[in-house]
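J.: Quick one: this structure, given as structure tokens, is what I'll be asking you about.
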Amino acid sequence: MTITEQMSTKPQLAGNHEAVVKVRGLTKIFKDFWGRPKARAVDNVDFEVRRGEVFGLLGPNGSGKSTTVKLLLGLLHPTKGHIEVFGKSPRHVATKSKIGYLPEESYLYRYLNSRETLEFFGNLFHLPKAERGNRAEQLLEMVGLSQVHLRSVGEFSKGMQRRIGLAQALINDPELIILDEPTSGLDPIGCREVKDLIIALARRGKTVILSSHLLSDVEDVCDRVVIYYGGRIQAMGTLAELLAKPDAIRITSPALPRATMERVLALIRQDVSEDKVRVDTPTQNLESYFLEVVQRARRAAAETSGATSGAQVAPYLRAGESSRSGDKILERLTQAAAEPEPPATVSQPGPAAGVDDKKLAALASPNPSPSAPVPEPVQKRVDLDQANEKLSSLLNKPPGQ
Amino acid sequence: MQRTLAIAWLTWKAAFRFRLFLVISSLLLVSVVALPLVIKDDGTARGFTQILLTYTLGTITVLLGLSTLWLACGTLARDIEDCQIQVVATKPIARWQIWVGKWIGLMSLNAALLAISGAGVYGLLTWRAARLPANQQAVLRNEVLVARGSAHERSYDNDIRQETEKLLRERLEKGPADRVDLAEVRRQIREQVRAEIENVRPGAYRPWEINLGLARHYLKDQPLYVRVKFNSAERSPSGTFEALWQFGVPEKTEVYRPGPMSLAPDTFHEFVIPPNLFDENGVLTIVFVNPNNSTLLFPLADGMEVLYREGGFTLNFIRGLGIIFCWMALLCSIGLAAASLLSFPVAAFFALGLLTMTLASGTMASAVEQGTIAEFNSETSTRGSSPADILVIPAFKGALAIINLAKSFSPVDSLSTGRSITWAQLGAAFFQIVGVLGGGFSLAGIWILHRRELAVAQGTQ
């Protein structure tokens, strides 16, 4: 029996301790015309975001996530408390050249087409004409809008508007990217691409702040999260700290002969009572399954008039010394978006089920079910090892160091 | 500058994508072409041209002014309400640059629209002038399609003030008066003194000495144009009054005495006089003899004016458009300043209200002149006083001083009467209207936008 680690596209991100964002005692009270308090949107919040990490602001609607984001961007003024972004006030103009922001809705000029939109924002970053054009082209390719770049943004679907919104947030190759509900309105392919992009950017040492009420978004990409409720931070820490169940383990393996299964279970039952052991068939999650279906359709050359899948992270976003180390991973990640990997081995949590012989027999059969493909964790490990080796050779370092 | 120009470029894009530019420029051109078909004139080429200039330039000013206010309020307030500014303000662009970028965008748009409509008016004028008989063309070239300097009699303000105070003192020596009466008595004496200068009784004459200043050096052998206006308390059976004139001083300069003229009251009359009637100091002496049985009144402000050729019409026309452009710049600043604080409909209402108040400043001027906001009592022919006067009158004075910075220029009137609009006037207009007034509104607007929380609005897209 082989015990595999949970395989995920989420990398172990290497944030350092340099704080890019510092928030101390942040409070925001909205007031009415007469100055009377109307709503306490953010209440005495403290946190830090370190360079290179993906930091999640998680919470239900109206919990204060977006208000916090707008305070970080200087669009709102704190009632109390202190904010530093790159050591400066959020309203410091020059600092904004290091920031990319995707708002919760696509607040773009509806009469501009997507290329003009990127040209306009490129101008605000004082980019030279050639560089603007180059980046715009790469970004449009990346977000899958290069074929519709002459259509005005007002004619776009919500998902397409999110894509161009994301592109404008990256036009300056920012060091800090603030994404407010980035997957809102996107189809599953778009969601996956955005998440892959976030991970890729973090690999390059970019800092990402992600505000979302979608747990899967946060879980898939974030290193650390704060959970908001009622304007206050209810929990904060790394996902491992917050989600780990140290008193339970999960073993996943290829289908085993019935005899082997019985031996393993007998062994486990020596230490754990039967009602605490759960055996089931791993199922792929819906996202993976959907991506597989779409990929099959794409291979059959199905055409679409909407956004196409962005297959490449814009080359300029991969440029630079630090990016060289991430190039192969970026490629792997974007490849993953274009060609979804075999279904993940993550099983969906469900109610604890007892072990019965019938179920055991089904599980032990060599080909349990056509709808539940067998994962290929070993092959995946090989791919990762190859990527690591390539990466190491690029950096002139032996693997593992 | 790249950032500021990017914002300006955005304004142009919006104007074209929403077909705003097309609609406004079409509207302006239609008004320029269509107005001459419906306006009524006195039947002369000069009268028609004057009315054409007045109406078309007036219409252009009103249309452009309203669209400027509307667009200025809309371009910023809508950006804030629709939240696009939330994306722009998170880029490395200062808020003053956003504000100035919007201003530059709107003003460049205005410049283009003004150029198109101005070219339309100019083209129409020259086309129509070319179709007139030669003698009428000459009249137009000399009196309307020209830039003429203007000379007036010296100001009598000090004389009137001194004479008023002297008479008031004499009156007070005869008997005391309380404070309220004193103001009214002073006003009445002032009116009497002024009337003494303005009135020409039956059989009497009135001389004017008008100094042409430095212009005398290039006005030798050049004809001069006299523009007069008088009022009469009585009506004549024919509707006109006889006028006898003498220009120049016997034995000192050449003298010109035209034949008796029959002139209507309450309107301007213009006639040409021969060259070289002024003395070596450039003083032209004009004498009017009143052979009528009624007293005629020549207002001090515009009763007598001498006009002389200074330059061509084309440059004068461009300078006139320049002053209109300065007004647009002020309206643009007002609209943007209002939109920096208020939502679009409220900002538009505020800006239009301010414009209306400015146009109706005559009431304020009247109250200031009378020294009270109390109503005129027709039975006693006097005005009372109001307790609010102590606050309102100084406030009106202040408001008028500000309003007059913009209203003291009248390019449409100058162009339609063939008067010169000098570069100095254009410079003064730019300083007063764009620099002082527009600058004040701009600074206020930029400060408000700088302080404002831009993410309070929820998107309305």
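Bear in mind these aren't lab numbers, they're just calculated from the coordinates by the rules spelled out. Since we're looking at a predicted model, the values are computed, not measured. A quick note on method: Cβ atoms are made from the backbone with ideal geometry, for glycine too, and the neighbour counts reach across all protein chains shown.
J.: Net charge within 9 Å of residue A:114 by Cβ-Cβ distance, Lys/Arg positive one each and Asp/Glu negative one each, not counting residue A:114 itself?
T.: +2
J.: Mean separation of Cα pairs under 8 Å and 6+ residues apart, divided by the residue count of chain B: what relative contact order is that in percent? Please report the intermediate quantities before stating the final value.
T.: Details: 670 pairs, mean separation 107.5, N = 461.
Reported relative contact order: 23 percent.
J.: Put a dot 7 Å past each Cα toward the Cβ at residue A:147 and residue B:272; how far apart are the dots in nm?
T.: Placing both labels 7 Å beyond Cα along the Cβ direction yields 7.6 nm.
J.: From the phi angles alone, apply the Karplus equation (6.51, -1.76, 1.60; θ = phi - 60°) to the stretch A:226-231 and give each ³J(HN,Hα) in whole Hz, x where the residue is Gly or Pro.
T.: Per residue, the Karplus-derived 3J(HN,Hα) values read 10, 10, 9, 7, x, x Hz.
J.: Between residue B:343 and residue B:119, what length comes free when the chain is fully extended (0.36 nm per residue of separation minus the Cα-Cα distance, one decimal in nm)?
T.: 77.1 nm
J.: Suppose each label sits 7 Å from its Cα in the direction of the beta carbon; what would the residue B:170-residue B:154 distance come out to in nanometres?
T.: 2.2
J.: If you don't mind, there's one more thing I want to ask. List the residues whose amide H sits under 5 Å from the amide H of residue B:147, counting only those 5 or more places along or on another chain, with H placed 1.01 Å from N in the peptide plane.
T.: Amide H to amide H, under 5 Å and 5 or more residues apart or across chains, residue B:147 pairs with B:310, B:311, B:312, B:313.
J.: Which FRET efficiency value, to the nearest 0.05, do you get for residue A:50 and residue B:39 by plugging their Cβ-Cβ distance into 1/(1 + (r/R0)^6) with R0 = 56 Å?
T.: Efficiency computed from Cβ-Cβ geometry: 0.15.
J.: For residue A:43, which sequence-distant residues (separation of 5 or more, or a different chain) have an amide H within less than 5 Å of its own amide H, given hydrogens modelled in the peptide plane?
T.: Amide H to amide H, under 5 Å and 5 or more residues apart or across chains, residue A:43 pairs with A:28, A:232.
J.: Round to the nearest 10 and give me the degree value, 0 to 90, for the angle of helix B:45-81's Cα axis relative to the longest principal axis of chain B.
T.: Roughly 30 degrees between the two axes.
J.: If R0 is 51 Å, what FRET efficiency do you get for residue B:264 and residue B:26 from their C-beta distance, rounded to 0.05?
T.: Given R0 = 51 Å and the Cβ-Cβ separation, E is 0.80.
J.: Next question. If a/c stays under 1.5 just call it rounded; otherwise compare a/b with b/c (prolate if a/b is bigger, oblate if not). Do that for chain B, with a ≥ b ≥ c from the square roots of the Cα gyration tensor eigenvalues.
T.: Oblate.
J.: Here's another thing I want to ask about it. Per the helix-only calculation at 222 nm, which mean residue ellipticity applies to chain B, given -39500 (n - 2.57) for every DSSP H run of n ≥ 4 and division by its residues, nearest 500 deg cm²/dmol?
T.: -19000 deg cm²/dmol, from helical runs alone.
J.: Could you list which residues have their amide H under 5 Å from that of residue A:229, counting only those 5 or more apart in sequence or on another chain, with H placed in the peptide plane?
T.: Hits under the 5 Å cutoff: A:234.
J.: Between the stretch A:159-204 and the stretch B:212-269, what's the alpha-carbon centroid distance in Å?
T.: 81
J.: Taking θ = phi - 60°, what integer Hz values does the Karplus form 6.51 cos²θ - 1.76 cosθ + 1.60 yield along the stretch A:154-164, in sequence order, with x for Gly and Pro?
T.: Going residue by residue, I get x, 8, 6, 6, 4, x, 5, 5, 5, 5, 5 Hz, with x marking Gly and Pro.
J.: Taking 0.36 nm per residue of sequence separation and subtracting the Cα-Cα distance, how much length would be gained by fully extending the chain between residue B:205 and residue B:451, in nm to one decimal?
T.: Working: separation 246, 0.36 × 246 = 88.56 nm, distance 6.61 nm.
Separation in residues times 0.36 nm, less the Cα-Cα distance, equals 82.0 nm.
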